[in-house]
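Colleague: The structure's right below; bear with me while I get my questions together.
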Amino acid sequence: MLIVWGHRGSPNVQKVLWACEELGLHYVLKETGGAAGGTDTPEYLARNPNGRVPTLEDDGHAIWESHAILRYLAARDPHGRLTSDDLRVRATIDQWMDWQCAHLAPAVRALAVLVVKPRSTPPTAQEIEAARDGIVALLRLADRALGRRDYFAGQRFTIADIPLAISYNLWKIMEPACAQFPALDAWYARIGQRAAFSPMTGQRRV
Ligand SMILES: N[C@@H](CCC(=O)N[C@@H](CS)C(=O)NCC(=O)O)C(=O)O
């Protein structure tokens, strides 16, 4: 049995739920973290010593770090639907997943901390502009790299697209009027057609 420990408001949990939905997996979401709390209990820390969400449990075996979970789910799928047998394609998948984790997600978080999270001292216009510029530079790179491909690792949707779409969705929420990225917007619209999951709501599509 598959158990996802986490909550739907977490972008990192959304990645895992999305992959489960893409693969048509039956899973149970155990509300943990966020308002539900519970990430600091000995039971949870035994599964995930990092005390964060998500954690995936597959028949009692726990895995944490959202990208490790995505790779596990993709590798576990007998049809390999979200990954590739081709070494180079797989390296491209890894490259974009690592890039999202190391560069894009921290940049998006830096802006979110300024404009979304309540603060005792309001951010200055310069702080917001610097954070926005940081994201724009990264998205420009991604837009160019995506170019005419349908998805980040080629013509097929893979686990590379999941973290990138989750970050792009957060960017769109914060900057709805920004229309500088034609390839990314076309890709994001393509992703919006997928049946399994909506990054916009963090839910399975109905
Ligand atoms: N690198 C970790 C980051 C995990 C993380 O920071 N998760 C956040 C939610 S996105 C968390 O646990 N926050 C505390 C909470 O939601 O209670 C991953 O990708 O899984």
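The values are calculated or read from the model by the stated rules, or taken from the named source; none is laboratory data. Please read these numbers as outputs of a predicted model, since none were measured by experiment. All Cβ positions, glycine included, derive from the backbone under ideal geometry; neighbour counts span all protein chains shown. SASA here: full protein model, heavy atoms, side chains in, ligands and nucleic acids out. Shrake-Rupley method; radii C 1.70, N 1.55, O 1.52, S 1.80 Å.
Colleague: Percent antiparallel among DSSP beta bridges with both residues in the chain, to the nearest 5?
Modeller: Values: 11 of 16 bridges.
So the antiparallel bridges in the chain amount to around 70 percent.
Colleague: If you place +1 on the Cβ of every Lys and Arg and -1 on the Cβ of every Asp and Glu, how big does the dipole about the Cα centre of the chain come out, in debye to the nearest 20? Write out the running numbers ahead of the final one.
Modeller: On the way: 24 positive and 22 negative charges, 86 e Å.
Rounded to the nearest 20 debye, it is 420 debye.
Colleague: Sum -39500 (n - 2.57) across every DSSP H segment of at least 4 residues in the chain, then divide by the residue count to get the 222 nm mean residue ellipticity, nearest 500.
Modeller: Values: 8 runs with 100 residues, N = 206.
That calculation yields -15000 deg cm²/dmol at 222 nm.
Colleague: Just for region 2-81, what percent of DSSP beta bridges are antiparallel, to the closest 5? Don't skip to the answer; put the middle values down first.
Modeller: Working: 8 of 13 bridges.
Antiparallel: roughly 60 percent of the beta bridges in region 2-81.
Colleague: Right, next: Ignoring ligands, DNA and RNA, what percent of the accessible area of the chain is carbon or sulfur (1.4 Å)?
Modeller: Working: 5700 of 10490 Å².
Of all accessible area on the chain, carbon and sulfur atoms account for 54 percent.
Colleague: Additional query: Could you order Thr121, Thr55 by accessible surface area, starting with the largest, using a probe radius of 1.4 Å? Mind dumping the intermediate values first?
Modeller: On the way: Thr121 95, Thr55 0 Å².
Correct descending sequence by accessible area is Thr121, Thr55.
Colleague: R0 = 22 Å: FRET efficiency of Ala189 with Glu31, Cβ-based, nearest 0.05? The partial results should precede the final answer.
Modeller: Details: r = 32 Å, r/R0 = 1.44.
So, using R0 = 22 Å, E works out to roughly 0.10.
Colleague: Taking θ as phi - 60°, what are the ³J(HN,Hα) couplings along region 18-24 by the Karplus curve (6.51, -1.76, 1.60), each to the nearest whole Hz, with x for Gly and Pro?
Modeller: 4, 4, 4, 5, 4, 8, x
Colleague: Positive end of the charge dipole of the chain (Lys, Arg +1 and Asp, Glu -1 on Cβ, about the Cα centre): tell me which of Val136, Gly51, His79 has its Cα farthest that way.
Modeller: Projecting each Cα onto the dipole axis, the largest value belongs to Val136.
Colleague: Would you please calculate the Kirkwood hydrodynamic radius of region 49-116 over all C-alpha pairs and express it in Å, rounded to one decimal? Show your work: numbers first, answer last.
Modeller: Details: mean 1/r = 0.0719 Å⁻¹.
For region 49-116, the Kirkwood estimate is 13.9 Å.
Colleague: Please provide three numbers in whole Å: the alpha-carbon extents of region 1-157 along the principal axes, with the largest listed first.
Modeller: 50, 44, 22 Å, listed from the longest principal axis down.
Colleague: Pull out a ≥ b ≥ c, the square roots of the eigenvalues of the alpha-carbon gyration tensor of region 1-61, then state rounded if a/c is under 1.5, prolate if not and a/b is larger than b/c, and oblate in the remaining case.
Modeller: On the way: a/c = 2.22, a/b = 1.37, b/c = 1.61.
Oblate shape, in that a/c is at least 1.5 and b/c is the bigger or equal ratio.
Colleague: Among Met97, Met174, Met1, what's the order by accessible area (1.4 angstrom probe), most exposed first? The partial results should precede the final answer.
Modeller: Details: Met97 0, Met174 35, Met1 125 Å².
Descending order: Met1, Met174, Met97.
Colleague: Evaluate the relative contact order of the chain (contact order divided by residue number), counting alpha-carbon pairs under 8 angstrom at least 6 apart; express in whole percent.
Modeller: Details: 256 pairs, mean separation 48.0, N = 206.
Averaging sequence separation for qualifying contacts and normalising by length gives 23 percent for the chain.
Colleague: May I ask for the percentage of alpha-carbon pairs in region 65-203 that lie more than 18 Å from each other? Show your work: numbers first, answer last.
Modeller: On the way: 5461 of 9591 pairs.
Everything past 18 Å amounts to 57 percent.
Colleague: Moving on. How large is the accessible surface per residue of the chain, computed with a 1.4 Å probe and reported in Å² as a whole number? Please list the in-between numbers first.
Modeller: Details: 10490 Å² over 206 residues.
Each residue of the chain exposes 51 Å² on average to a 1.4 Å probe.
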